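Just so it is clear, none of the values below were taken in a lab; they were calculated from the coordinates. Only a predicted model underlies this, so the values are computations on that prediction, with no experimental measurement involved. Cβ placement follows ideal geometry from the backbone for every residue including glycine, while neighbour counts extend to all protein chains displayed.
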Amino acid sequence: MKLNVKTSYYMLGASCGCTKGFQTSCGITYRMGS
Amino acid sequence: MPRAQNFTLPPRITFPAGLFSRTYTTTDGKRASVVYHTPSQSMAFLEDDSASIWDRLYQADGQFQPALDYMLAHGTWEGNPEQEARTVLTGFIEHLWQAQLVRIPSIASPSRPDKPSKRQAYDVAQDPDLQVGQFMADNHICHGLVFETTYRCNERCVHCYLPGQTHLPELTLPQIDDLLAEFASLGGFSILLTGGETLVRRDFKDILALVKKHRLMPSIVSNLTLLQDDVIEAIADAHPKSVGCSIYSARPELHDAVTCLPGSFEKSVRALRILREHGVPVILKTPLLKATAPHWREIPELAAKLGGEYQLDLSITAKNDGGLSPLAQRVEDPVLLREIFSSEFYHLYVRDEPMAQLAAKPSPDASLCGAGAAGLSIGPDGTIRPCIGLNLPMGRFPKDSLTKIWRESPFFQEFGSIRLKDITPCRDCADLMYCSRCPGAWHAEHGDFRRPAAYTCTLAGAWAETQRARALTFQPNG
């Protein structure tokens, strides 16, 4: 069994209610092309 | 992450104050755990077996046996299953301990994770914080709630998006209790308390207590001018993800001219300082206006002095009721715009590579925005909207249940099906990568959320131009 742990330092303000910028109020980032 | 020397499995682990966690099981049986530790700004997104094991540790209050039982029942092992499972669990716990998400009694915590040196942009594949949002949107989980507790405010900001009529009936504490219970039952995890000015509510501490009761991770936006000692303690005790405070300028006279409240700068800054002393993460939220923008460079300096972060914002929007008076406050000077977009705040990277050098472009099949994707917004009187910035009422709590709206409103199907390629001026736009598109702001400005406001394009163009110029001079290790 392998366990995959993804941790990070998160930026403030990304889900702070501001609808402007790259993220929306709910923290969703616009899906980019791939 | 480097392994600590001689890390061995302790008898048990504990969970630090300020840890928020929830494990989700989707309709197709997939599991995912969301873990945030707000004092260290550290988080984890765990899937499948990792989520199941984390959940067992968390539910068992740090005891290992339920997790080991799961591993032995579900893993494929050779030789000595018990010993191998303990080895895997040791590595798992060490990683979480390094990230400050668990504590080991009698062993000092490691230093906090390194803060990224560059602002990283929308790299969903690499960023667990973004993966959380994507997971919630993909599975239609109501994960976040923006709650405007009141429209009353003691400031009279010249660019405010709220209409003049601010004395709406407000949800009572028992109603808020019901609201949060229903939100939690839908998968609720994070809540933003904002206004108006949320601290004008005399029961703000009681609202925070309800947030705690329902085990939600709070964020707060406030001008903080009304912050009293007992509320400071309550906020610190709630371990918010952040407290955002509008600071319009580092110059007191300019800030106070925006708020129309003499002395507001001193009060807000003093409160920010006190919150930092209590270990609360703070962020200076700075809409840049015509009168304040020329001094924008002083904002990062003030944030650094206060030990907080900052967020510049040029997107001044019309009022919620369509009033256009805030638009006169916008920064229009192209030279000043380019100067602002040359700031570190607007230098975005993806895996340390300047965004302007990326070959990837937004997909024409991308969503228009994330309104309603993974949460809802509630007004003071219970009005339910898909997003605080998109004034399309879907119902009103408690008459309309959150659950019914979340499960049955046609909004999600209709709005969610709109793609970038459906927006004529956007689909072929070379500056789309730099566009802070906000259909809610467009709707407020001219009544059509499918048609960009010209100012959105102005900002995208100025940002794109600045970043392309910078990318030309970028040295990978410079």
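Table for the structure above
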| read-out | value |
| --- | --- |
| Alpha-carbon centroids, region B:416-442 and region B:258-286: separation in whole Å | 35 |
| The protein assembly as shown - charge dipole about Cα centre, Lys and Arg +1 at Cβ, Asp and Glu -1, debye rounded to 20 | 400 |
| Partner chain coverage, peptide B:383-389 - average Cβ within 10 angstrom | 3 |
| Dipole of the protein assembly as shown, positive direction: furthest Cα of B:464, B:307, B:269, with charges on the beta-carbon | B:464 |
| J(HN,Hα) series, region B:42-51, from Karplus relation 6.51 cos²θ - 1.76 cosθ + 1.60, nearest Hz, glycine and proline x | 10, 8, 9, 10, 10, 10, 6, 4, 4, 5 |
| Aspartates and glutamates with Cα under 15 Å of residue B:305, excluding same-chain neighbours fewer than 8 positions away | B:266, B:277 |
| Amide H contacts of residue B:309 (H built 1.01 Å from N, under 5 Å, at least 5 apart or other chain) | B:282, B:283, B:284 |
| Other protein chain Cβ atoms within 10 Å, averaged over every residue that makes up B:237-243 | 2 |
| Inter-chain shielding of B:41-52 (mean C-beta neighbours from other protein chains, 10 Å cut-off) | 4 |
| Cβ charges +1 (Lys, Arg) and -1 (Asp, Glu), total dipole of chain B, debye | 500 |
| J(HN,Hα) series, region B:193-203, from Karplus relation 6.51 cos²θ - 1.76 cosθ + 1.60, nearest Hz, glycine and proline x | 9, 9, x, x, 10, 5, 6, 6, 6, 5, 9 |
| Computed [θ] at 222 nm, deg cm²/dmol, the protein assembly as shown (DSSP H ≥ 4; -39,500 (n - 2.57); rounded to nearest 500) | -10000 deg cm²/dmol |
| Amide hydrogen neighbours beyond the local backbone of residue B:395, cut-off 5 Å, H modeled | B:384 |
| Relative contact order, percent, chain B [alpha-carbon distance under 8 Å, six or more residues apart] | 14 |
| Packing-based exposure ordering (other Cβ within 10 Å, fewest first) of B:295, B:167, B:239, B:159 | B:167, B:295, B:159, B:239 |
| Hz values of 3J(HN,Hα) by residue in region B:368-376 - Karplus curve (6.51, -1.76, 1.60), Gly and Pro given as x | 5, 6, x, 4, x, 5, 9, x, 9 |
| Built amide H within the under 5 Å cut-off of residue B:47, gap 5+ | B:33 |
| Nearest-ten-degree value, helix B:229-238 long axis tilted from longest Cα axis of chain B | 50 |
| Over 19 Å (Cα to Cα) - which of B:30/B:212; B:212/B:241; B:241/B:290; A:6/B:30 fall in this group | B:30/B:212; B:241/B:290 |
| Acute angle (nearest 10 degrees) that the helix B:204-213 long axis makes with the longest principal axis of chain B, alpha-carbon atoms | 30 |
| Cα-based helix-to-principal-axis angle, B:173-185 vs chain B, degrees rounded to 10 | 60 |
